[in-house]
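Rule-based calculations on the coordinates, nothing more; no lab input. Note that this is a predicted model, so its numbers are computed, not measured. Cβ atoms come from the backbone with ideal geometry, glycine included; neighbour counts cover every protein chain shown.
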Amino acid sequence: MHAAHLTRRTCLALALAAASAAPYAAGPEAEVDAATALSDTNSRAMRGREIVPPGVILNLKGKQRNLVWQGSYIVNTTGCIDCHTHPTYSPGGDPFQGQPERVNAEQYMSGGRQFGPFTAPNLTPDNAGRPAGLTREEFVQTLRTGHNPHDPAGEILQVMPWPAVGKMTTRDLYAIYEYLRAIPSLPDNPHPGP
Ligand code: HEC
C-alpha cells in the first residue's frame, strides 16, 4: 500500500516534470544546451527575447530565432529606436516624463525622425522581406562604410552613427538584420518630425 502510494507520487512527480518541461522543449531554447545557456551570447539572446516592446508582433517563420533575439538585444538596448521610431513612445508612455514606458509599436522602426534635412528612414521589411530594402550584404556594407549602395556614388549617411555601429562584429550586424526581418512591415512614417 505504502509502496503503491509512493509509486503514484513518483508518477505524479514525473508527469509534472514532463508537463513543465514540455513547453520549454517546444520553445526555441530547446536548441540550447546548458553550457551555451551560460554563455554571453545566449544570455543576450534571452534578454533580447524579453525586451521586444509590447505590441511588436514578430514573424519568426523562416528566421534564425537565436539570431533574432540577439538582434533584439542590440536594437532595443542601443538606441536605434530613438531615431528610427517616431515618436519613440506612445502618448502617456514616455519614460522621460516619468510615465510608464510604452514604445510606439504602431510606428516601430518605420523612421520619421528629422534632423534638419535628414530623416531617419524606415528600417522595416519591404515587400520582399528586406529591411530598408537592403540585402543582408548591402545592409552590412552600408553600416560599415556609411554608403548605401542604392544611393548616388559618394553619398554618405550624415546622421546615422555608422562609424560606431559599423564596428560591430559581422555576427552582430547579421543579428540586427535578422531581427529587422522579423518585425512588422510598415509604410514610411506618415508624420515625420523633429
Ligand atoms: C542619432 C539617430 C540615429 C540612431 C541612434 C540610429 N540611426 Fe540609423 N539612421 C539615422 C538617420 C538620420 C539615417 C538616414 C541617413 C543619414 O542621413 O544619416 C539612418 C540610416 C540608417 C540605415 C541606412 C538605411 C538606408 O535606407 O539608407 C540603417 C541600416 C540604419 N540607420 C540602422 C540603424 C541601426 C541598426 C541603429 C541602432 C544600432 C541605428 N540606425 C541608430 C539615424 C539614427
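For the stretch 96-194, the Cα-based Rg and Dmax, in that order, read 14.2, 45 Å.
Between residue 57 and residue 171, what is 0.36 nm times their sequence separation minus the Cα-Cα distance? Round to one decimal in nm. Let's see the in-between values first.
On the way: separation 114, 0.36 × 114 = 41.04 nm, distance 2.35 nm.
So the extension gain works out to 38.7 nm.
Taking other Cβ atoms within 10 Å as a rough exposure proxy, 63, 167 sort from fewest to most as 167, 63.
A viscosity of 1.306 mPa s and a temperature of 10 °C, combined with the Kirkwood radius over C-alpha pairs in the Stokes-Einstein formula, give the stretch 32-191 a diffusion coefficient of 98 µm²/s.
When each of 186, 173 is scored by the number of other beta-carbon atoms lying within 10 Å, the sequence from fewest to most is 186, 173. By the count of neighbouring beta-carbon atoms within 10 Å, fewest first, 162, 69 end up ordered 162, 69. Taken along the Cα-to-beta-carbon direction at a fixed 7 Å, the label points for residue 145 and residue 115 span 2.1 nm.
Looking at the stretch 113-161, the pairs of alpha carbons with a distance over 14 Å make up 55% of the total.
Taking 0.36 nm per residue of separation and subtracting the Cα-Cα distance, full extension of the segment from residue 128 to residue 102 would add 6.4 nm.
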